[in-house]
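Here the structure comes first, spelled out in structure tokens, and everything after it is commentary.
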Amino acid sequence: MTQNKTILRALRGETLPTPPIWMMRQAGRYLPEYKATRAKAGDFLSLCYNPELAAEVTLQPIRRFEFDAAILFADILLIPQALGADLWFVTGEGPRLSTITTADELAKLKPVEDIHETLRPIYETVQILSRELPSETALIGFAGAPWTVATYMIAGQGTPDQGPAHALKAENRPVFEGMIHRLTEATIEYLSMQIQAGAEVVKLFDSWAGSLEDDDFTEFSIRPMQKITQALNERHPGVPVIVFARGAGSRFAGVHQATRADCVALDDGVDPVWAAEHVQIDGCVQGNLASAHMVTGGQALVDDTRRICDAFAKGPHIFNLGHGITPDADPDNVQLMIDTVRGS
Ligand code: CP3
């Protein structure tokens with residue numbers, strides 16, 4: 001019966017009367033039960049590497065809201081850590097990593113086949129989830145896209161304009177390209193193991209795709225995602241891939257064809273009426289409600305939710321936010337969004 005899960009039907013191209021719904025960062029600090037489990041685990045990374053507790057926080061939003069899909073609880077920066085970079089999180093600030101900007105540093109990274117040693121607990125979380133999720137709920141695995149992960153590895157932290165990564169791309173092309181290549185290979189192996197452990201869909205997060213211009217966008221956002229999609233399709237035919245090239249703007253048109261992904265996730269920077277005509281025409285789309293509505297709620301939330309559902313009603317659509325829900329969001333607004341989508 002697994003193939004009848006609503007998200008899988010939408011990903012195969014079916015137009016459904018009610019779009020399936022899940023939410024980026026649905027397990028997170030806006031939920032009191034997440035904060036309680038996180039306190040038990042200690043820090044964020046200990047939670048990611050604790051299969052029982054990571055599965056527990058993945059299940060919390062499913063129990064509370066009955067979303068149509070669960071997304072594995074982990075982080076896109078576990079791949080650099082598995083390749084040998086140091087990683088830690090500074091409370092209130094975000095991630096920090098040891099930087100990699102030279103040929104020597106790149107050469108010191110571990111070989112791709114060694115990543116599983118570190119990432120084994122993540123696969124175990126996936127196995128627990130595929131046993132424990134309700135039979136109608138799909139399980140989504142994920143990884144960061146190579147460009148976005150590289151921006152953190154090069155800068156050692158999040159950056160507003162990805163300046164250090166753009167500088168390395170301009171000043172030391174072989175090291176930059178070597179890093180993208182290594183991340184592409186590692187991501188194929190990582191997602192392949194998630195699928196073997198029970199992930200039914202995988203998503204690539206290219207959160208900083210928008211800062212790549214012209215040919216760079218094609219070469220460093222689209223092409224690595226296309227390579228990963230192709231390798232996964234060959235190894236695991238029928239497992240759908242969602243790609244999220246955040247900030248792509250008018251370049252969202254053509255992403256299905258260029259990556260061969262089953263679904264293009266849209267941020268809230270594109271108008272749904274435009275996107276129905278220019279993106280959904282090529283296949284399933286996901287998105288694109290502004291996350292701010294989860295903080296402010298009210299009639300504006302209802303109106304925008306209906307506008308998005310109406311715009312995408314004639315083709316395959318998965319309802320979602322345009323980006324992750326923020327810690328100051330109100331769970332009641334999440335319920336209001338779900339009730340509006342499901343028409344109850
Ligand atoms: O969507 C989900 O619920 C699945 C889990 C998930 C997390 N991060 C959990 C998390 C996913 C898919 C991510 C992706 C991720 N991580 C991205 C790409 C998506 C995006 O939001 O653009 C990026 C850029 C990261 C790196 C990262 N991890 C950052 C910048 C931060 C923020 C630091 C902070 O303190 O807010 C994190 C931490 C993080 N990842 C949290 C969660 C629930 C908060 C950690 C906590 O509990 O303190």
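Here are the numbers for this structure:
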| quantity | calculated |
| --- | --- |
| Which numbered condition P95 fails, given (1) buried (at least 16 other Cβ atoms within 10 Å of the Cβ); (2) closer than 26 Å to M179 by Cβ; (3) more than 11 Å from the ligand (Cβ to nearest atom) | (3) |
| Positions within region 57-74 being of a type outside the set (K, R) and more than 19 Å from the chain's Cα centre (by Cα), in sequence order | F65, E66 |
| Within region 133-228, helices (runs of 4 or more DSSP H) holding 1 or more residues that are closer than 23 Å to E113 by Cβ and within 14 Å of the ligand (Cβ to nearest atom) | 146-155, 173-197 |
| Considering residues of region 1-46 that are in a helix (DSSP H, G or I) and among the hydroxyl-bearing types (S, T, Y) only, the residue surrounded by the fewest Cβ atoms within 10 Å (Cβ to Cβ) | T2 |
| Matching option when the condition is hydroxyl-bearing (S, T, Y), more than 16 Å from the ligand (Cβ to nearest atom) and either touching a helix residue (DSSP H, G or I) at 6+ places or on another chain (Cβ under 7 Å) or at positive phi (or both), among T101, T58, T125 | T101 |
| Boolean, A199 is closer than 29 Å to E136 by Cβ and surrounded by 20 or more Cβ atoms within 10 Å (Cβ to Cβ) | yes |
| Condition broken by V243, with the remaining ones in (1) within 15 Å of the chain's Cα centre (by Cα); (2) without any contact (Cβ under 8 Å) to a residue 60 or more places away in the chain satisfied | (2) |
| Test: residue in region 17-38 that is small (G, A, S), under 28 Å from E189 (Cα atoms) and without any contact (Cβ under 8 Å) to a residue 12 or more places away in the chain | no |
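Here is a yes/no grid of residues against (1) in contact (Cβ under 8 Å) with a residue 60 or more places away in the chain; (2) over 18 Å from A103 (Cα atoms):
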{"site": "A143", "(1), (2)": "yes, yes"}
{"site": "P146", "(1), (2)": "yes, no"}
{"site": "M153", "(1), (2)": "yes, no"}
{"site": "Q157", "(1), (2)": "yes, yes"}
{"site": "P164", "(1), (2)": "yes, no"}
{"site": "N172", "(1), (2)": "yes, no"}
{"site": "G178", "(1), (2)": "yes, no"}
{"site": "H181", "(1), (2)": "no, no"}
{"site": "T187", "(1), (2)": "yes, yes"}
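Bear in mind these aren't lab numbers, they're just calculated from the coordinates by the rules spelled out. Everything numeric here is computed off the predicted structure, so don't read it as measured data. Because the Cβ atoms are built from the backbone with ideal geometry, glycine has one as well, and the counts that use them run over all protein chains shown.
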